[in-house]
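Data first, discussion second: the structure below is written as structure tokens.
The values are calculated or read from the model by the stated rules, or taken from the named source; none is laboratory data. Keep in mind the model is a prediction, meaning the values are calculated, not measured. Positions of Cβ are backbone-derived with ideal geometry, glycine not excepted, and every protein chain shown enters the neighbour counts.
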Amino acid sequence: MPVGATRSITNARTKNAETPREAMKPTYLLFLAVGSLLANQALAQTSAEPTSAAPSFWKARPQGPQVFGYFEGRSPCQEVATMLKVSGRDACIKIKWQLILFQDPVTHAPTTYALGGFVWRNPPKTGKWAIVKGAKEDPNAVVYQLDPDDPEGFLSFQKADDNILLFLDKNRELLVGNEQFSFTLNRVRDH
């Protein structure tokens, strides 16, 4: 073989030869793409998963004509702890609430409630509730009063509409939330 031909073959091999770093580049890019895809898929599954509408203390959310409404929400903690005279909650930031209001299936009159959240998880707090009139800013407001026979009152909610309840303090004034949580409960409907 002539010397020039050997040099041409060597140059061709040198041009096509990859360094170990260049050879790993496609593998690295494939690894990066697959890892990114898996991370995005896991994130999408986590954020797309519906939360259980029934709280942990109910195996299944009660349904039927005896249920007036099921409401959920998250509120700031310290204001409620102070209002309800619950101590030992200094580190508490938020409360996740679940409230079921029951009614007589025939007359639709309020009967009992079950309240979960805060210090009432398992079992939930239960008692009677009533529909009364009047809040500090609106004397005609519809108010749902939990434990109406309690002289100090327990919790009251002003009906904003059929789907939204607003927390009231002991003077029946609206409680104001913060940048993270509000003093509202929202009706949860069956899907």
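Is there a residue being of a type in the set (V, I, T), out of contact with any Cys (no Cβ under 7 Å at 6 or more places or on another chain) and more than 19 Å from R187 (Cα to Cα) anywhere in segment 115-135? Even if it seems obvious, please write down each step before you answer.
As a first pass, look at segment 115-135 and keep what is of a type in the set (V, I, T): 119, 126, 131-132.
Retained after the next criterion (residues that are out of contact with any Cys (no Cβ under 7 Å at 6 or more places or on another chain)): 119, 126, 131-132.
Add one more test, that the residue is more than 19 Å from R187 (Cα to Cα), and what stays is 119, 132.
Yes, the conditions are met somewhere in segment 115-135.
Restricted to segment 96-116, and to residues there that are free of Cβ contacts under 8 Å to residues at least 60 places away in the same chain and under 24 Å from the mean Cα position of the chain (by Cα), the residue that is farthest from V132 (Cα to Cα) is K96.
Considering only residues that are in a strand (DSSP E or B) and of a type in the set (K, R), look in segment 134-191 and name the one that is farthest from F102 (Cα to Cα). Break it down into steps so the answer makes sense when it comes.
Here is the first cut: in segment 134-191, the ones in a strand (DSSP E or B) are 142-146, 156-161, 164-168, 174, 184-187.
Keeping just the survivors that are of a type in the set (K, R) gives 159, 187.
On the way: K159: 16, R187: 14 Å.
Of everything passing the filter in segment 134-191, K159 is farthest from F102 (Cα to Cα).
Can you tell me which residues in segment 104-129 are more than 30 Å from Q180 (Cα to Cα) and surrounded by fewer than 18 Cβ atoms within 10 Å (Cβ to Cβ)?
So the first thing to find is which residues in segment 104-129 are more than 30 Å from Q180 (Cα to Cα), and the list is 104-112, 128.
D104, P105, V106, T107, H108, A109, T111, T112, K128, listed by residue number.
A residue that is in a strand (DSSP E or B), modelled with pLDDT of 90 or more and over 24 Å from G64 (Cβ atoms) cannot be found anywhere in segment 104-125. Across segment 66-88, the qualifying residues are those that are in contact with a strand residue (DSSP E or B) (Cβ under 8 Å, 6 or more places away or on another chain) and in a loop (DSSP other than H, G, I, E, B), and the one among them that is modelled with the lowest pLDDT is C77.
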